[in-house]
Protein chains: 2
Amino acid sequence: MSNKKPLILVTNDDGVDAKGIYVLSQAIREFGEVVVVAPDSARSGQSSAITPNKAMKIEKVYQEDDFSIYKTNGTPVDCIKLAMNTLLDRKPDLIVSGVNHGSNSAVCVIYSGTMGAVMEGCINEIDSIGFSFCSEKHDTDFAGAENYIKLIVDNILKNGLEKGVCLNVNIPQTEELKGVKICRQAAGYWTKEYELKTDESGNEAYWLTGYFHNIEPDAEDTDEWALSRGFVSVVPCVIDITAYNQLKRLSYLEQSLKLSEAIVN
Amino acid sequence: MSNKKPLILVTNDDGVDAKGIYVLSQAIREFGEVVVVAPDSARSGQSSAITPNKAMKIEKVYQEDDFSIYKTNGTPVDCIKLAMNTLLDRKPDLIVSGVNHGSNSAVCVIYSGTMGAVMEGCINEIDSIGFSFCSEKHDTDFAGAENYIKLIVDNILKNGLEKGVCLNVNIPQTEELKGVKICRQAAGYWTKEYELKTDESGNEAYWLTGYFHNIEPDAEDTDEWALSRGFVSVVPCVIDITAYNQLKRLSYLEQSLKLSEAIVN
């Protein structure tokens, strides 16, 4: 065991100046050396996007004992890559991302830049956790979030996660948080996703909006259910997205294509 | 059964003018009405990124019988959303994405804009397939790809995919394709991901590059193994990324947080 303090890398997708990343980085300072590397402005909905073919920059904006802040011109995943490849002299013991201003529950995990950074950490075999708070307000009070962040971070630093698994934590905005539920991701999709607006010059364009349709509102094991009842939802997520239970079913494709060999070759 | 031809929506992440989307859309014309909705320029590495807070436009660039082409200023996922919300009068029977100029095998599926569009189709309960060719050249010849695309599309139109499952198809660049293998996603990560360059003004910046490290090169059930032996790899992928085998292991978090209730509330 090294006698060094744990190294914790922090990022988000709302940008380095967002209140959420301040709340998160302050909440975890007691657990180790904290390095914040975050986008210079908001990168919401960036998923696991990376930036090829563009000059990437990383700049220190704050430093004190065991706490430093850097900003980059990249996405959340770029932030993790830049931190690990150009900045840190050892592998982080933990990556945390957030606290996102807005929910990343259910299928929204797919679009989330907060969770993109977490999955990047997981790909690099680092325990990684995303925290999101179910209010999009810039000045939301993140009520109760801090204690849950501390408890989850403390537990994961002590017990670790299995390889290839990361956590998607969502915290509801409610008067009293009821505890934690380990959940699965609720199934659903978005509807009415655009608003057609006409600008001053008479040009029409579409603006992203929409409504999430939860197709299983009564399923008590889902994150959506937990959040709607005042629980903090914790969904363990994989980076190996293979649909293992389909491998056998689809093997007919190997066969049917062998039979068509005459066409293929 | 409707007597209408199947409606096939096509997109990519290399942009509407890429050779790959031309090859793909031509290959599948025999199977139905084809609508291409693709980004106006390259959007590589965009994963499932969406574009909030920006005016989205969609413009028709070509039309003939049962074949039309539109371009948008969005990401691959935006293209699917724009097509379904603002353009198509019925749900597509199939979404195909690609042919990507470059591999999207192993963990690269996470960063892939090609596969972001496919996962978007899957979220919307439409059978969806991504095709990638293992050469990044703009003028690559996609040798042999066309027949495999036809055979796979034909089979999936006939047999369908299970709900929540989509396909990641990679086609190696090789003299003779050996057939299809149904695979799992190989595990690995990228190393040495940036090159430090100095521009004419003496400013330093990082450019994304790197090497993929396959941590299981001998695993015969992976896509990397299949591709390196000249097989077309087909990985069925999930959009529900819950790590189901971790739900029980992590239930201690519910308990430990109940015990800490005094701290929390």
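A few remarks follow.
- The residue among B:PRO52, A:SER68, A:PHE142 whose Cα reaches farthest toward the positive pole of the charge dipole of the protein assembly as shown, with charges on the beta-carbon of Lys, Arg, Asp and Glu, is A:PHE142.
- Chain B: angle of helix B:145-159 to the longest principal axis, Cα-based, in degrees nearest 10: 80 degrees
- Relative packing of A:208-220, B:66-78, which averages over residues the other C-beta atoms within 10 Å, highest first: B:66-78, A:208-220
- Cα-centre dipole for chain A with unit charges at Cβ (Lys and Arg positive, Asp and Glu negative), debye to 20: 740 debye
- The calculated P(r) of region B:161-231, using every Cα pair and 5 Å bins from 0, goes 3, 14, 16, 15, 15, 12, 8, 7, 6, 3, 1, 0 in percent.
- Taking the convex hull of the alpha carbon positions in the protein assembly as shown and averaging its projected area over all directions gives 26.7 nm².
- Charge dipole magnitude, Cβ of K and R +1, D and E -1 - region B:32-129, Cα centre, debye nearest 20: 480 debye
- Sorted from closest to farthest, the other copies place their B:PRO6 label points 5.0 nm away, with each point set 7 Å from Cα along Cα→Cβ.
- Cross-link pairs A:LYS4/A:LYS71; B:LYS19/B:LYS163; A:LYS5/A:LYS150 - those with Cα-Cα distance over 20 Å: A:LYS4/A:LYS71; B:LYS19/B:LYS163
- Taking other C-beta atoms within 10 angstrom as a stand-in for reagent exposure, A:ASP40, B:ASP13 fall in the order A:ASP40, B:ASP13, fewest first.
- Here the residues A:ARG249, B:ARG184, ranked from fewest to most Cβ neighbours within 10 Å of their Cβ, fall in the order A:ARG249, B:ARG184.
- Charge tally in the Cβ shell below 9 Å around B:LYS81, where Lys, Arg are +1 and Asp, Glu are -1, B:LYS81 excluded: -3
- Inter-chain shielding of B:109-116 (mean C-beta neighbours from other protein chains, 10 Å cut-off): 5
- Chain A - percent relative contact order, Cα under 8 Å, separation 6 or more: 17 percent
- A Cβ-based charge dipole, computed about the Cα centre of the protein assembly as shown with Lys and Arg at +1 and Asp and Glu at -1, lands at about 680 debye.
- Karplus-derived 3J(HN,Hα), 6.51/-1.76/1.60, for each residue of region B:185-191, Hz, glycine and proline x: 5, 5, 8, x, 7, 9, 10
- For the protein assembly as shown, Cys with no neighbouring Cys Cβ under 4.7 Å: A:CYS79, A:CYS108, A:CYS134, A:CYS183, A:CYS237, B:CYS79, B:CYS108, B:CYS134, B:CYS183, B:CYS237
- The distance separating the Cα centre of region B:11-89 from that of region A:74-132 comes to 29 Å.
- Pseudo-label separations to other copies for B:ASP139 - Cα-to-Cβ vector, 7 Å, nm: 6.0
- The Cα-based radius of gyration and maximum Cα-Cα distance (Dmax) for region A:67-109 are 12.6, 36 Å.
- Whether chain A is rounded, prolate or oblate, judged on the alpha carbon gyration tensor where a/c under 1.5 counts as rounded: rounded
- For B:LYS178, a cut-off of 16 angstrom between C-alpha atoms picks up these aspartates and glutamates, skipping any fewer than 8 places away in its own chain: A:GLU254, A:GLU261, B:GLU146, B:GLU220, B:ASP221, B:ASP223, B:GLU224.
- Antiparallel DSSP beta bridges within region B:1-116, percent to nearest 5: 30 percent
- In summary, the aspartates and glutamates within cross-link reach of A:LYS60, defined as a Cα separation below 14 angstrom excluding same-chain residues under 8 places away, comprise A:ASP17, A:ASP40.
- Pseudo-label separations to other copies for B:LEU196 - Cα-to-Cβ vector, 7 Å, nm: 5.3
The numbers here are math on the coordinates, done by the rules we state, and not lab data. Just so it is clear, the model here is predicted, and its values are computed rather than measured. In this analysis, Cβ positions are derived from the backbone assuming ideal geometry, glycine residues included, and neighbour counts consider all displayed protein chains.
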